[in-house]
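The values are calculated or read from the model by the stated rules, or taken from the named source; none is laboratory data. Values in this document were obtained by computation on a predicted structure and should not be read as measured data. Positions of Cβ are backbone-derived with ideal geometry, glycine not excepted, and every protein chain shown enters the neighbour counts. Only protein heavy atoms, including side chains, enter the accessible area calculation; ligands, DNA and RNA are left aside. Shrake-Rupley method; radii C 1.70, N 1.55, O 1.52, S 1.80 Å.
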Amino acid sequence: MKKQVVVIGLGRFGTSVCKELHKLGHEVLAIDRNVERVNGLLDFSAHAVVADATDEKSLKSLGVRNFDHGIVAIGDNLQSSVLCTLMLKEIGLKKVWVKARDLQHQTILERVGADRVIQPENEMGIRVAHHMDSEKLIDY
Ligand code: ATP
């Protein structure tokens, strides 16, 4: 089923999530305050918009309340990441998944209502280790 997803923060992680969701046929609204990053997503999203994701008025005027899912991919700016997560939950998005840079960031995000917190480097490191572990079995 087609999902409507708003992706906020178009660094490497946000861009990758955005492009893949678009490829899978979902409706993606991509938001960043950096115009170059937004331009890079114009052909890989239904809508790509320059906006400050900590400005509640902007988020509302973009119709974010019509989206079921949100992905906050602002890793380095803790304040923006937390504020944006809080707003998306207050606006009423059912599922808000957020990228965290470390455990402290993760704990704060869970307290403000993030439905899932992702630490990409950490999760990928674990997956790679497991892949390597299972390759060892295949070698025998
Ligand atoms: P990676 O590139 O590995 O995904 P990262 O989380 O450090 O890592 P950044 O390169 O910092 O990613 O990208 C975060 C993006 O979020 C940037 O493009 C930045 O412009 C955007 N951003 C940060 N704060 C806001 C905000 N308040 N509103 C909109 N966009 C924001």
*Using mean Cβ contacts within 10 Å as the protection proxy, how do 95-106, 117-128 order, highest first?*
95-106, 117-128
*Whenever you get a sec, compute what percent of the accessible area on the chain sits on carbon and sulfur atoms (1.4 Å probe).*
52 percent
*Roughly how many debye, to the nearest 20, is the charge dipole of region 37-140 about its Cα centre, given +1 on each Lys and Arg Cβ, -1 on each Asp and Glu Cβ, and no other charges?*
400 debye
*asked:* Is the C-alpha gyration tensor of region 1-105 telling us rounded, prolate or oblate? Criteria: a/c under 1.5 is rounded; beyond that, a/b larger than b/c is prolate, otherwise oblate.
replied: rounded
_How charged is the neighbourhood of MET1? Take every other residue with its Cβ under 12 Å from the Cβ of MET1, and add Lys/Arg as +1 and Asp/Glu as -1._
0
*Which far-off residues, 5 or more places away or on another chain, put their amide H under 5 Å from the one on ALA30, with H placed in the peptide plane?*
VAL7, HIS47, ALA48, VAL49
_Listed peptides 4-10, 75-81 by packing density, highest first (mean Cβ within 10 Å)_ = 4-10, 75-81
_20 Å Cα-Cα threshold exceeded, pairs from LYS2/LYS95; LYS2/LYS23; LYS3/LYS89; LYS60/LYS99; LYS23/LYS57; LYS3/LYS23_ = LYS60/LYS99; LYS23/LYS57
_As I understand it, the value is the acute angle between the Cα axis of helix 12-23 and the longest principal axis of the Cα atoms of the chain; what does it come to in degrees, rounded to 10?_
80 degrees
*Along region 34-49, what does the Karplus equation 6.51 cos²θ - 1.76 cosθ + 1.60 (θ = phi - 60°) give for ³J(HN,Hα), rounded to whole Hz, x for Gly and Pro?*
9, 4, 5, 5, 5, 4, x, 9, 4, 8, 10, 7, 5, 9, 10, 9
*asked:* What are the ³J(HN,Hα) couplings of region 117-131, residue after residue, when phi is run through the Karplus curve with 6.51, -1.76, 1.60 and θ = phi - 60°? Round to Hz, x for glycine and proline.
replied: 10, 10, 10, x, 5, 4, 5, 5, x, 5, 5, 5, 4, 5, 4
_Just to be sure I understand the model, the point goes 7 Å from the Cα along the line to the Cβ. What's the resulting SER16 to VAL50 distance in nm?_
2.7 nm
*Residue-wise, which Karplus ³J(HN,Hα) couplings in Hz belong to region 58-63, taking 6.51 cos²θ - 1.76 cosθ + 1.60, θ = phi - 60°, and x for glycine or proline?*
4, 4, 5, 5, 7, x
*Measure off 7 Å from each Cα along the Cα-to-Cβ vector at LYS3 and LYS95, then give the distance between these two points in nanometres to one decimal.*
0.4 nm
